Amino acid sequence: MGAAMYKCIRLVWLQTVCWAFLTLLGAPSVQAGYLYVLNDVDGGPNQLYGYRLDEADGSLTALPGFPMATGGNGSQNLMSQRLCFDASHARLFVINGGSNTLSAYSVDLADGSLSPLPFSPLALPAGPAQPVKRWAWGAVAVHPAGSPLVLVRDQLDITVKPGQLASFIITATTATAAAGNPFYAGDYVYPYALAFSRDGGHVYAGGNRDTPFFGGYRVDETTGVLTALPGSPFQSDGTWPLSYAVDIQNRLFLYSYHNGSVGQSEVYTFASGVPTAVAGNPFASGLDDGIFGIIHPAGFYMVADRIGSVVGVFQISGTGAGTTLAAVPGSPFASGGWAPTALALNTAGTFLYAANTGDRNITTFAVNPQTGALSIAYNQAQYTLGASGYITGIAYAAPPQPPPPGDLNQDNAINAADVALLARLLADSLIASQIPAPWNGDMDQNGVLDVLDLTLLELFIGL
Ligand SMILES: [Ca+2]
Ligand SMILES: [Ca+2]
């Protein structure tokens, strides 16, 4: 067996072991999570569906009081990110495309009920042209620390600079527009999808048209101001770059069309937020219409294929520029409904939820954490999420995760900065009581901080 292959296998093993540690750490305090789904009603009142999860078997129980109207109208737009959850403050945000507003809620994690925040509904920056649906805001995402909140749109009007972002500083009682709202996305950047880097310092958008360009922006966490990164817009290998997801090693995953026709997945590493394609880019996907991406904690990139009504699962191997993606055996997996548009995972990573816009139902997949294989555990009846409308967002809501072992500086990513901190702890021979409690470098969770932990951490990020 070659050294490279051996290292690769060791890394896969390590990724799974680290995920198992995460699950174990979370186990004593596992609290049932909730699932919210948006039925986007073109020109009518948007409907929010709410469910309590059974974290043991993945089943869904409708919450009392749902579906509930968001207080704003929808617009079809066939979007997939019009709903997002801020785990750090238990807040839920919903775009009402037809009313050009944002509904914002505080989620009671004891019973799943929603209470509007004082600034809800928030008026969003107006567009330059009618009709409304041609310039409606398409996607929303929130900084890992809860602020700012960023929205994107492609106005589908090439007579004006069409791609825009908007940013708001969020508190418990206020939403303040960043100076300069809305921001120009950049030439040939037509936002459909949106994702933050792990530390929230940067945000990425693009994917609504057949250009290879996507934008990257620096996020000022105090003012909310977004500034194009040097070199933005960036060029992907294919067109329509979307389905963004960023993993714990701060790598960007996306889906695009090689030569405008063949679906593929891509990986980028960041240097000060600027993306660089990994050496093996792009990777075969076996998908046709990847529309939404999510990272499973055991090291899988999962993509909903709307036209194919399937979900692709790709094993992430290697690190840094040597990162590769390969479809797991059995991928893609048939969804339990027509046209999945968005995905959500529970905290433990044991269940994947696909929102199918064609049949307006949710498929519950059980996830095999060793292989990444999906099997349907439950499937809602057709039209459970309404007799009409489009499903344009799904969000899992639960208390925030404890920081994983290895993220010593608590910036949500595991990288060289954490290795440097751990090396310093060991070099200084600090005893346990001298180490700041959140500096969790005990990778093998044996209660002892030693050189083995440093080796594990270095292996994990490929040093
Ligand atoms: Ca870190
Ligand atoms: Ca240890």
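Counting only complete DSSP H runs, which helices of the chain cover 20 Å or more along their long axis at the Cα atoms and score a mean Kyte-Doolittle of -1.0 or above? Intermediate values should be presented prior to the final figure.
Numbers: long enough: 3-26 (34 Å, 1.26).
In the chain, the long hydrophobic H runs are 3-26.
Please compute the length gained on full extension between Val451 and Met68, using 0.36 nm multiplied by the number of residues separating them and subtracting their Cα-Cα distance. The partial results should precede the final answer.
On the way: separation 383, 0.36 × 383 = 137.88 nm, distance 5.38 nm.
Gain on extension, Val451 to Met68, equals 132.5 nm.
Which whole-number percentage describes the relative contact order of the chain, with Cα contacts under 8 Å and a sequence gap of 6 or more? Numbers along the way, then the final one.
Numbers: 1267 pairs, mean separation 60.5, N = 463.
Dividing the mean separation by the residue count of the chain yields 13 percent.
Just the number, please: Stokes-Einstein D of the chain in µm²/s, Kirkwood Rh from C-alpha pairs, 10 °C, 1.306 mPa s.
Details: Rh = 22.2 Å.
Taking Rh from Cα pairs, D becomes 71 µm²/s.
Where Lys and Arg each count +1 and Asp and Glu each count -1, what net charge lies around Asn409 among other residues with Cβ under 10 Å from its Cβ?
Values: positive: none; negative: Asp199, Asp407, Asp411, Asp418.
Summing Lys/Arg as +1 and Asp/Glu as -1 gives -4.
Using only DSSP helix segments of four residues or longer, with each worth -39500 (n - 2.57), what per-residue ellipticity at 222 nm results for the chain after dividing by its residue count and rounding to 500? All intermediate terms of the calculation are to be shown ahead of the outcome.
On the way: 3 runs with 47 residues, N = 463.
After summing the helix terms and dividing by residue count, I get -3500 deg cm²/dmol.
Evaluate the distance, in nm, between pseudo-label points positioned 7 Å from the Cα of Thr276 and of Asp220 along their respective Cα→Cβ axes.
In this crude label model, Thr276 to Asp220 measures out at 2.9 nm.
Work from the charge dipole of the chain (Cβ charges, +1 for Lys and Arg, -1 for Asp and Glu, about the Cα centre) and give the residue of Gln380, Tyr34, Ala427 farthest towards its positive end.
Going by the Cα projections, it comes out as Gln380.
Distance in nm between label sites at Arg134 and Tyr188, each 7 Å beyond Cα in the beta-carbon direction?
So the two model labels end up 2.4 nm from each other.
Give me the dipole magnitude in Debye, nearest 20, for the chain about the Cα centre, with unit charges on the beta carbon: positive for Lys and Arg, negative for Asp and Glu.
Numbers: 16 positive and 31 negative charges, 158 e Å.
Computed charge dipole of the chain: roughly 760 debye.
Once you have the Cα-Cα distance between Tyr383 and Ala32, take 0.36 nm times their residue separation minus that, and quote the gain in nm to one decimal.
Values: separation 351, 0.36 × 351 = 126.36 nm, distance 2.52 nm.
Contour length minus the Cα-Cα distance gives 123.8 nm.
Using a simple spin-label model with points 7 Å from Cα along the Cα→Cβ vector, what separation in nm is obtained for Ala420 and Thr174?
3.5 nm
Distance between the C-alpha centers of region 188-215 and region 303-382? Whole Å please.
Cα centroid to Cα centroid, the span is 22 Å.
Taking the Cα centre of region 406-461 as origin and charging only Cβ (+1 Lys, Arg; -1 Asp, Glu), how large is the dipole, in debye to the nearest 20? Mind dumping the intermediate values first?
Details: 1 positive and 9 negative charges, 23 e Å.
Here region 406-461 has a charge dipole of around 120 debye.
All of the numbers you see were taken from the coordinates with simple rules; none came from a lab. Note that the structure is a prediction, hence the values are computed from the model and not measured. Positions of Cβ are generated from backbone atoms using ideal geometry, with glycine treated the same way; all protein chains shown enter the neighbour counts.
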